[in-house]
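Take a look at the structure set out below.
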Amino acid sequence: MKGKIRLGTKVDRWGFVFVAPFLIGIAIFTLYPIINMVIMSFQNATNRSFTQELRFIGLDNYQAVFNNETFMGSIGTTWKIWFMNFVPQIGIALLLSVWFTSLRLRLKFIGIFRTIFYLPNLLMPATVAGLYTMLIGNQGPINKLLYNLGISQWLASSGIVSENRVQVVAGIDGAPDAISIMFASIPEFMTGMVAYIQWWLWFGSTIIIVMAGMTSISVSLYESAYVDGAGGGTIFFKITLPLLRPVMLYILVTSLVGGMQIIDIPYIFGTAGGIGRPGGTLNEFATMNVVMIREYFRGPSTRNLGLAAAAGMVIFAVTLIATIILLFIMRIGKDKEPKKLKAKKGGV
Amino acid sequence: MSGKVGINIGRAAIYVILVIIALLCIMPLYIMIVNATRSTEQINKGISIFPSTFLATNWNILDKGGSLNLLRALGNSVFISVTTTTITVYFSLLCAYAIEIYNFALKKFTLGLVLFLIMIPGQVSIIGFYRLVVNFGWLDSYFPLILPAIAGAGAVFFFKQYLESCVILELIHAARIDGCSELGIFHKIMMPIAAPGAFTMAIFAFVGSWNNFFTPFLILNTQEKFTLPMVIQVIVNGNTFFREMGALYLGLAISIAPVIIVYIALSKYIISGIAMGALKE
């Protein structure tokens, strides 16, 4: 339909005018910062207001970043946190989407559940981090619940939580010798907590996208498979999953790219209410961006934008390489896809 | 017969699982709201699912607590978010409209650029962006928070998808014959037609800007200019309010209450919008 009406070249000139603000904006606010970052990563920009003369110092910044154990450690931490939140996220999204779209189950209140599941995604990460800090605090509701259920006592006496992680807190439901677990001082717990909050924030969004992908698969495909005697598992692995490939690819790439940039939750966890200050648990859940900002951008003794830019380049490279590998893996899988199904995919 | 019973048991089990997940989503927020109305003493005593009567007391503590002004931060956040949203929606729609209806040399390039850029989050080059801010003399100002909204690749992509289904070329052509200018066509014909999509996009742009902690955190220094997430971070940082649990919970509740209210009212638009932005490659 489009293109049949000849608009004439005179009118088409307006196309330039209308996209110009966007292109100029991209040049200034996306391209220029990237170029800045590349250049700065080779300079001795040790001063945040750039008043000193910038000299090129070769690869010194990169060398310093690669020698920084905290930063190099944070690469693994970032992957760990992403993986810990993504696997349950996609697993639960697939399971729930199958249930929600199942013609056999015919569940009710799907809309309400979906609306509730998506709610966390809209919340301010700063607030969410603050809220969870308070929930798991020594006087927080989770500790009270665990104590009332007797779980805290059991965790402490069985040695699962070591003695120096347990605090006597008078006043939980009036008990003078009540105990609470100092969750904030347990590094493994805090790493898990960051991953859990990331899951909590994003699983609802993933469900909606997967569901939209599933409902766009033609019902007749399922019906004919059902008539042919295919079971639920076969239908899922042979029809649903292959046809969901574009949707899955979208979710994987956006989640991975976003996951490599995680900062709000671990950063605020690292500064909130004394978490990590005494015991040094801070680095356990510090992601790449957190370390970059904390060590190179804000750190009073090590403030160095050249180093921050080099670290930024490493984060950029990690993200880019991961995405390329991902696209490559998904492409290999694509060739195995039966051709008949491929032809019907168009709508997704 | 037995198959039906099996399905009913399965269905019941599924509902239990769904309710548990729903509680995981809601309970933290519910506890926050309830605790915002309770005194610190009550909160320390134990959990309650019933609100108490200390809302005003908590507000007074929060309001008088040092130099932080939560209401001022709220106003700052509203100003930044509203301007950002307006700019994002207007310029992204304009750009998507041009890509959709005109044939010009940079059309393919622009579309390719959009598809490429939605993969790259702005955070990637934050250090380079900081240098831009310093070079332009924009440190401690709102310009670097608002102006980049002109170039929102995600929003352009969203509108491109949206316009594909609602542009009526005949209508545009007719308006042109009637002597309407190109910008006039965009304002008078295209914008009303695209209003529902623009509305959906506006919600996402607003929430994105409202929740943004990282960029203002690096750029703003003056406390009067702080945005809401920054003030929340300072509050949970724990120096001023560490012992005042009720006030702390209230501060958190205030920062997300607007979003929850908007969501309850507009959840239909929001949920359909997510699927629309993600699908149809």
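Read-outs: derived from the displayed coordinates by stated rules, not from any lab. None of the values given here were measured: they were computed from a predicted structure. Glycine gets a Cβ as well: all are built from the backbone with ideal geometry, and neighbour counts include every protein chain shown.
Below, the figures for the structure above:
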| item | result |
| --- | --- |
| Under-5 Å amide H pairs with residue A:43, H placed in peptide plane, nonlocal only | A:57 |
| Qualifying aspartates and glutamates (Cα of each under 12 Å from Cα of residue A:10; at least 8 residues distant if same chain) | B:182 |
| Segment A:203-271: mean projected area of Cα convex hull, nm² | 5.8 nm² |
| Size of electric dipole in the protein assembly as shown: Cβ of Lys, Arg +1 and of Asp, Glu -1, about Cα centre, debye, nearest 20 | 1760 debye |
| Charge dipole (the protein assembly as shown, unit charges on Cβ, about Cα centre) - positive-most of A:67, A:232, A:85 | A:232 |
| Table column - 3J(HN,Hα) (Hz), segment A:283-291, Karplus curve with 6.51, -1.76, 1.60, x for Gly and Pro | 6, 4, 10, 7, 7, 4, 5, 4, 5 |
| Between helix B:245-278 and chain B: long-axis angle, C-alpha atoms, 0 to 90°, nearest 10 | 30 degrees |
| Of A:238/B:268; A:238/B:160; B:108/B:268; B:188/B:268, those spanning more than 30 Å from alpha-carbon to alpha-carbon | A:238/B:268; A:238/B:160; B:108/B:268 |
| Karplus 3J(HN,Hα) series, Hz, for segment A:194-201 with 6.51 cos²θ - 1.76 cosθ + 1.60 (x for Gly, Pro) | 4, 5, 4, 5, 4, 4, 4, 6 |
| Cα centroid separation, segment B:16-33 to segment B:55-127 (Å) | 29 Å |
| Among B:194, B:105, B:265, residue whose mean-square fluctuation peaks in a GNM of chain B (springs only between Cα atoms under 10 Å) | B:105 |
| Per residue Cα convex hull volume in Å³ - calculated over segment B:203-273 | 99 Å³ |
| Listed residues A:201, B:28, A:244: farthest to the positive end of the dipole of the protein assembly as shown (Cβ charges) | A:244 |
| Cα pair distances exceeding 19 angstrom across segment B:54-156, given as percent | 62 percent |
| Compactness of chain B as Cα Rg over 2.2 N^0.38 Å, two decimals | 1.27 |
| Amide H partners (placed H, <5 Å) of residue A:182, local residues excluded | A:166, A:167 |
| Area projected by the alpha carbon convex hull of segment A:46-124, averaged over all directions, nm² | 9.5 nm² |
| Distance histogram in 10 Å bins (all Cα pairs of segment A:88-208, percent per bin) | 12, 32, 25, 22, 8, 1 |
| For segment B:152-159, Karplus couplings with θ = phi - 60° (6.51, -1.76, 1.60), whole Hz, Gly/Pro x | x, 4, x, 5, 4, 4, 4, 5 |
| At 1.306 mPa s and 10 °C, Stokes diffusion of the protein assembly as shown via Kirkwood alpha-carbon radius, µm² per second | 59 µm²/s |
